[in-house]
Every structure is written in C-alpha cells, then in structure tokens.
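Below: one structure, written as structure tokens.
The values are calculated or read from the model by the stated rules, or taken from the named source; none is laboratory data. Here the structure is a predicted model, which means the values were calculated and not measured. Positions of Cβ are backbone-derived with ideal geometry, glycine not excepted, and every protein chain shown enters the neighbour counts.
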Amino acid sequence: MTQALITRNLGLLDYESSLLKMQKFTNIRKKNTPDELWLVQHPPVYTLGSSGEKEQLLAATDIPIFHSDRGGKITYHGPGQCLVYIMVDLQRIGLGVRSLVNLIESSMVDLLLTYQIVAHRNLHAPGVYVQNEKIASLGLRIRRGLSYHGVALNVDMDLSPFKSINPCGYEDLKVTSMALWNSIVKVERVGVDMLEILTSSLKPLYQGVNVFNE
C-alpha cells in the first residue's frame with residue numbers, strides 16, 4: 001500500500017492552465033510523489049483530443065478551441081460541468097488502464113444513483129449514459145505508467161455548445177445533464193461528492209487521504 005492520496009479543489013480554472021499544471025506535475029514527479037485528484041471547472045472551451053480534428057466542429061463559434069494531449073476526439077467544457085483530473089501511478093497502486101477506466105465509470109454511476117438518476121456504462125463507448133444520452137465523458141493520457149486528465153460530469157450547464165460538435169466523435173449522440181433529471185442539484189455540492197466518491201473508490205489502495213481546498 002502506497003502513501004496518502006491527495007485531493008485538491010481548484011475551483012474555476014481555464015483549460016490551458018489546468019493542462020500545463022497537469023503536465024508539469026506528471027513530468028517532474030518522482031517515484032515517491034503522492035498521487036493527486038483535482039476538482040475543477042472550466043470557462044467555455046472546446047478541446048480536441050489526440051484523435052480530434054477541427055473539422056469535427058460543425059459550426060462557426062466564438063468559443064475557444066484547444067488542442068489537448070488526452071485520448072479521444074472533440075468535446076466541450078463549461079461552467080456547471082465538474083471535472084476530476086486523476087494523476088496516479090498505475091504500477092505503484094497495481095491498476096491497469098482498463099481497471100482505472102472501469103473504476104471511474106462505476107464511481108460516476110454510483111454517484112448519479114445517489115441523486116436518483118439511473119445511469120449505465122457502454123462497453124463500446126467510454127463514458128456514462130442516462131437512457132443512452134451521455135452525461136459524463138472520460139479521457140485519459142498515460143505517460144510512463146502515470147495517468148492524467150480524467151472525467152467530466154455534466155451537472156447544471158448550458159448544453160447548447162454540444163450541438164456544434166459530434167460529442168466525442170459520435171454522430172447523433174445526445175448529451176444530457178443531471179439538472180434535467182433532478183431539479184435540485186447544486187454544482188458545488190455535486191463536485192465535492194464526485195471527488196469524494198472517486199476518493200472512496202481509490203482509498204483502499206492508499207494509506208489515507210489528505211484534502212486541500214485552494
């Protein structure tokens with residue numbers, strides 16, 4: 001069992017700053033560097049993953065477009081969507097990539113159920129769905145056995161920017177949010193719950209958890 005897991009609530013942070021922060025953390029970390037989870041929201045931005053292309057944007061937009069090094073194609077981030085970035089040493093905690101993906105998706109399904117929202121995974125398309133509408137997207141980068149990027153959950157947000165793309169590269173894929181299924185959800189509360197359930201799922205692999213609010 002490795003040392004304590006660290007969690008941080010970073011609040012609202014632009015995507016480029018978040019990406020540079022994750023890359024720096026991953027590049028300079030040592031064998032004994034504690035693993036970390038970061039909770040964050042982003043101002044409006046389209047991101048293109050490693051297999052994404054600008055042609056996947058279907059309409060002109062004033063929303064910034066940013067190339068990312070995560071896996072996957074195009075997606076949208078904006079206020080009211082909670083993200084947890086997951087920076088763990090997979091070899092050290094004894095998880096494979098597929099096991100980590102399963103853990104993340106299962107955690108989101110469990111979280112949504114606590115809000116009386118019945119969700120499911122799709123073995124052929126990463127993410128979490130409610131009646132086949134995507135509510136959480138997943139994108140990771142693994143470098144030298146170290147993960148970064150993570151999971152984005154649509155809580156209470158403007159979904160209209162998704163209409164200008166094929167979300168995650170899938171034509172005709174509909175996107176939903178928690179607020180459409182539970183009218184009393186609060187973004188800040190869901191973010192904390194999201195961080196807590198992922199921490200709980202990973203906790204058996206660590207000696208403890210240290211929480212920081214920044």
Take the conditions out of contact with any strand residue (DSSP E or B) (no Cβ under 8 Å at 6 or more places or on another chain) and either closer than 22 Å to Leu10 by Cα or not aliphatic (A, V, I, L, M) (or both) and apply them to Asp89. Does it pass? no
In region 165-179, what residues are surrounded by fewer than 17 Cβ atoms within 10 Å (Cβ to Cβ) and among the hydroxyl-bearing types (Ser, Thr, Tyr)? Tyr170
Here are Val190, Val175, Val88: which of them is modelled with pLDDT of 95 or more and more than 22 Å from Gly49 (Cβ to Cβ)? Val190
Touching a helix residue (DSSP H, G or I) at 6+ places or on another chain (Cβ under 6 Å), surrounded by fewer than 18 Cβ atoms within 10 Å (Cβ to Cβ) and over 23 Å from Tyr46 (Cα atoms) - does that describe any residue in region 144-164? yes
Do we find a residue being crowded, with 16+ Cβ neighbours inside 10 Å, within 23 Å of Leu195 (Cα to Cα), of a type outside the set (Asp, Glu) and modelled with pLDDT under 95 anywhere in region 47-61? yes
Residue by residue through region 180-193, note down the ones that are surrounded by 15 or more Cβ atoms within 10 Å (Cβ to Cβ) and free of Cβ contacts under 8 Å to residues at least 60 places away in the same chain. Leu180
Taking Ser107, is it touching a residue at least 60 places away in the same chain (Cβ under 8 Å) and of a type in the set (Gly, Ala, Ser)? yes
Of all residues in region 186-212, count the ones that are within 21 Å of Leu12 (Cα to Cα) and assigned to a loop (DSSP other than H, G, I, E, B). 1
Does Tyr129 satisfy being hydroxyl-bearing (Ser, Thr, Tyr) and either more than 22 Å from Asp14 (Cβ to Cβ) or part of a helix (DSSP H, G or I) (or both)? yes
Leu37 is checked against (1) in contact with a Lys or Arg (Cβ under 8 Å, 6 or more places away or on another chain); (2) of a type outside the set (S, T, N, Q); (3) modelled with pLDDT of 90 or more; (4) part of a loop (DSSP other than H, G, I, E, B) and fails just one. What number does that condition carry? (4)
Taking region 76-104 as the search range and keeping residues that are closer than 18 Å to His124 by Cα and touching a residue at least 40 places away in the same chain (Cβ under 8 Å), which one is surrounded by the most Cβ atoms within 10 Å (Cβ to Cβ)? Ile104
Residues within region 105-130 that are modelled with pLDDT under 95 and either over 22 Å from Gly72 (Cβ atoms) or aliphatic (A, V, I, L, M) (or both), tallied: 2
List pairs: first in region 140-162 and among the aromatic types (Phe, Trp, Tyr), second part of a strand (DSSP E or B), Cβ under 6 Å, 6+ apart or cross-chain? Tyr148/Met87; Tyr148/Arg141; Phe162/Tyr76; Phe162/Val175
